[in-house]
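The numbers here are math on the coordinates, done by the rules we state, and not lab data. No experiment lies behind these values; they were computed from the predicted model shown. As a convention, Cβ positions derive from the backbone with ideal geometry for all residues, glycine included, and neighbour counts pool all protein chains shown.
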Ligand code: GLY
Ligand code: MN
Ligand code: MN
């Protein structure tokens, strides 16, 4: 594991320091999800629970109780069970939760209804991520009602319920040196995967076969999973923002848009590249591509400490709108077209998002109603796009069905930024040169 036990302990300590006195925090594991009948999706632990513990098993609840004499950090986990472990795999059990995951105290998850109300009792405040999982919301209320039912015997139920997400999101937003090392490696692996896809691309290849090349590189590099469903969109499929069917054959003369990033040790990368199926951009593709690229490069330049979250986005809107006017896809005054949001016909999403354990990571984008100031340790994507709908009759035919996005992962540093995903070519010349070598 690349994140040390000491770092997990630091995170718990930092969170407990933010909590009000006499409080308790409860963090549940992610539910297991069925794919079909009795076949499950691969289990992925909830990012919050993993962030605080490194514990990846399902059916667990993490509890933090600052100041508790018998231990502040409690894990409820599945008990060890020889038969179940033969069928489904290893379990740490309560003993392992203490020995391997540093819990101060641990109990079987099956006993939680008997034990947790006792831990909540006497605490004035309960922190949990409200509204994330309605099953769990109900469970918390059941535990509290168990205490309420005993008030006449002297039990004191909590009086306040507070959202834990706010504190946790704030902690997760700022990445440590160890987290940045993992994210950098995730970026490098993902960059190699995109290079591999470019090299294997030719007319007739199926979109999902390029996805296979991407997955091959992820897994051969030690990243078992993609951080999100890979998008491979040839031609007009590149205009569908969340196209994951990946079921068409790639055509000579089209572009292909690939949006793919691996998950490494619970941290995501998120890269998009758009390149010609046959290795050579057409004049129209090149013209639109270079606007998108100029926008992306200029946006990365303003992604730095002291600037606002929205500055990179505004930069992309300005450059893309101006570019579309220059090419005749939009008509009118650039400022006016920005004010009326006319550019949204071609560029309908934002220029990026926070990146971390979740691909669209946690963290506020505004503080006190204002766009947040960028600070060192924040990681964001910069991903402008230009999409000309195949049925857009307002523009000349030659532009229709071209979809382009260029996306990199950027960490804000003390004196600027570092692009974690810079190892994939992105200029027309670099891409054409790479594709010409195979
Ligand atoms: N791959 C999802 C995104 O780019 O936001
Ligand atoms: Mn993406
Ligand atoms: Mn993204």
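Key figures
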item: Rounded, prolate or oblate (a/c below 1.5 giving rounded, otherwise prolate when a/b exceeds b/c) for the stretch 256-389 by Cα gyration tensor; result: oblate
item: Whole-percent pair-distance distribution, where bins are 10 Å wide, for the alpha carbons of the chain; result: 4, 19, 26, 22, 16, 9, 3, 0, 0
item: Volume in Å³ per residue [convex hull over Cα atoms, computed for the stretch 95-218]; result: 194 Å³
item: Mean separation of Cα contacts under 8 Å (6+ apart) over length of the chain, as relative contact order %; result: 13 percent
item: Sequence of 341, 265 once ranked by neighbouring C-beta atoms within 10 Å, starting from the fewest; result: 341, 265
item: Packing-based exposure ordering (other Cβ within 10 Å, fewest first) of 435, 315; result: 435, 315
item: Rounded if a/c under 1.5, otherwise prolate or oblate - the stretch 215-322, Cα gyration tensor axes; result: oblate
item: Degrees between helix 177-199 axis and first principal axis of the chain (Cα, 0 to 90, nearest 10); result: 40 degrees
item: Net length gained if the chain between residue 44 and residue 10 were fully extended (0.36 nm per residue, minus Cα distance); result: 9.9 nm
item: Contour excess over end-to-end distance, with Cα ends at residue 308 and residue 437 and 0.36 nm allotted per residue; result: 42.3 nm
item: Cα-based helix-to-principal-axis angle, 5-18 vs the chain, degrees rounded to 10; result: 80 degrees
item: Rh (Kirkwood; distinct C-alpha pairs) - the stretch 243-300, Å; result: 13.4 Å
item: Along principal axes, Cα extents of the stretch 319-437, largest first, whole Å; result: 48, 44, 26
item: The stretch 157-292 shape via C-alpha gyration tensor axes, a/c threshold 1.5; result: prolate
item: Inter-label distance, nm, simple model (7 Å from Cα along the C-beta direction), residue 153/residue 199; result: 6.9 nm
item: Per-selection Rg to Rh, the stretch 43-171 - Cα, Kirkwood hydrodynamic radius; result: 0.97
item: Inter-site label distance for residue 282 and residue 80 at 7 Å from Cα along Cβ, in nm; result: 6.5 nm
item: Exposure proxy ranking, count of Cβ atoms within 10 Å, fewest first, for 381, 427, 146; result: 427, 146, 381
item: Label-reachable residues, the stretch 64-86, where backbone N falls under 18 Å from a point 7 Å from residue 132's Cα toward its Cβ; result: 64-66, 73-77
item: Over the stretch 141-256, relative contact order from alpha-carbon pairs under 8 Å, at least 6 apart, %; result: 20 percent
item: Net length gained if the chain between residue 142 and residue 36 were fully extended (0.36 nm per residue, minus Cα distance); result: 35.1 nm
item: Nearest-ten-degree value, helix 310-327 long axis tilted from longest Cα axis of the chain; result: 20 degrees
